[in-house]
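Here is the structure we will look at, set down as structure tokens.
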Amino acid sequence: NNNNNNSNSAEAQSLANLDRSYSILKSCSERKFQVSEVLSEMNNTIDKSIETIKVKFEDSQELFQQSTQKLEEAEIRSQNHHQKIDELINELIELMIKTTLIESARDVAKKEFEKSKRYNYSLQTILANANQTMDKIQEIRNENAKFIREWNEHISKPDLKTWGDREWRGFLELLQLDHWLVHFKSQVLNEINLADVRPVHLMQVTDQKGEKMTFGEAKYICLAIEQLQQTKTIPVMVHDIDLDEKNAHLWTRENVFSYFKKEGVHDISIVVQNSKINGLVLMKMEEHDIEKLQFKRISQINCFLNMLRSLQNFQPPKKKSIEPPLIIICPLSNRIMRDPVVAQDGHIYERTEIENYLKSTQTSPITGKSIGNMLIPCIAVYRLCQDWTKN
């Protein structure tokens, strides 16, 4: 019985343990099922999240590409904006420079305007003085015209010995030597016959200061008296005339001095200036007259004599006739073409001339080869002909 009791208790405990283990296994299976469900849900969630991540990744790639394109466009726009900004800055600098120049010009204009205001009164005074001067010049012109009319009346007198102070004064005034009038009358006309007056006689005339008349003045008076007796005209030098050799007989004393100075013979120009030689005296000088000039060296005399001969023997160069270029000359008429055309032989002719020529023969007048009747206008040669005719 004891053993049965012990075995019954052991069985009961084992049954209890089996119940516990069964309950534990049942609970474990239930938990496993729950865990599997949770795992499946987790897998589903993970799959969904992976798909979502893939979609979002693709979207993010598109967004990245779009953002990169926008960045590139933004960079291009920024470069364009920088260029425009640089251009605007350059324009602004130019405007600033122009503004500065305008302001400086405005300041200068203000100063000049103020100066003009200050000089306005003086300009009016100068204009008033100029008007008075013009009135005086007009009066002098009227007096000169009156003097010339009276002089023409007196110069018509045949005998110069009948001249009085008035006539000789007018004569010497035209020669611009009127300061010698008193001494000329007292020392020449009263002692020497007018027909016998030579430069040597006049060079002995002295003024109040004891200075003698120069060779140029004496020779000029003698030449004027000679011309007056022959043609009843007086040689007058022309002021402000060019230093042209063909007008050398009209040169003033200043022109003669400038000519020799221009030729590089300064020492000769000084001698000519001191002798008061004008163009008429220079062109009428002879070799024996050179002795009366104050040359210090023989080389100066030879140089002056050579230059004098070249002036006296000067002949203006003849104008060369300018021949027209051969390209505008018709080979048939030897005249300048009016309607140039190119024939089939390659040469240029006047249209009417070559047409008349081709009526009788079909050969080239230059090459002798046969040609047709086709003629082509030559515009370039036509323009050359027109330009040559105009010029």
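Residues that are assigned to a helix (DSSP H, G or I), touching a helix residue (DSSP H, G or I) at 6+ places or on another chain (Cβ under 6 Å), open to solvent by less than 90 Å² (accessible area, probe 1.4 Å) and at pLDDT 85 or above within segment 268-279 comprise Ile268, Ser269, Val272, Ser275, listed in sequence order.
Return yes when Asp289 is among the acidic types (Asp, Glu) and either over 21 Å from Leu223 (Cβ atoms) or outside any helix (DSSP H, G or I) (or both) and no when it is not. The answer is no for Asp289. Condition (residue is of a type in the set (Asp, Glu), open to solvent by less than 90 Å² (accessible area, probe 1.4 Å) and at pLDDT 85 or above) applied to segment 285-308: is it met by at least one residue? No, segment 285-308 contains no residue that is of a type in the set (Asp, Glu), open to solvent by less than 90 Å² (accessible area, probe 1.4 Å) and at pLDDT 85 or above.
Restrict the check to segment 357-364 and report whether at least one residue is within 30 Å of Lys276 (Cβ to Cβ) and surrounded by 12 or more Cβ atoms within 10 Å (Cβ to Cβ). Among the residues of segment 357-364, not one is within 30 Å of Lys276 (Cβ to Cβ) and surrounded by 12 or more Cβ atoms within 10 Å (Cβ to Cβ), which makes the answer no. Checked against (1) more than 51 Å from the chain's Cα centre (by Cα); (2) modelled with pLDDT under 75; (3) surrounded by 13 or more Cβ atoms within 10 Å (Cβ to Cβ); (4) closer than 17 Å to Gln176 by Cβ, Pro235 passes all but a single condition, namely (1). When you look at Ile322, is it touching a residue at least 24 places away in the same chain (Cβ under 8 Å), among the β-branched types (Val, Ile, Thr) and either more than 30 Å from Ile290 (Cβ to Cβ) or touching a Ser or Thr at 6+ places or on another chain (Cβ under 8 Å) (or both), yes or no? Judged against the criteria, Ile322 is not a match. Looking across segment 365-391, the residues that are part of a loop (DSSP other than H, G, I, E, B) and either loosely packed, with under 13 Cβ neighbours inside 10 Å or among the aromatic types (Phe, Trp, Tyr) (or both) come down to Thr367, Gly368, Lys369, Gly372, Asn373, Met374, Asn391.
The values are calculated or read from the model by the stated rules, or taken from the named source; none is laboratory data. Note that the coordinates shown come from a computational prediction; the quantities given were computed from them, not determined experimentally. Cβ sites come from the backbone with ideal geometry, for glycine too, and all protein chains shown count toward neighbours. These area figures cover heavy atoms from the full protein model, side chains too; ligands, DNA and RNA do not enter into them. Shrake-Rupley method; radii C 1.70, N 1.55, O 1.52, S 1.80 Å.
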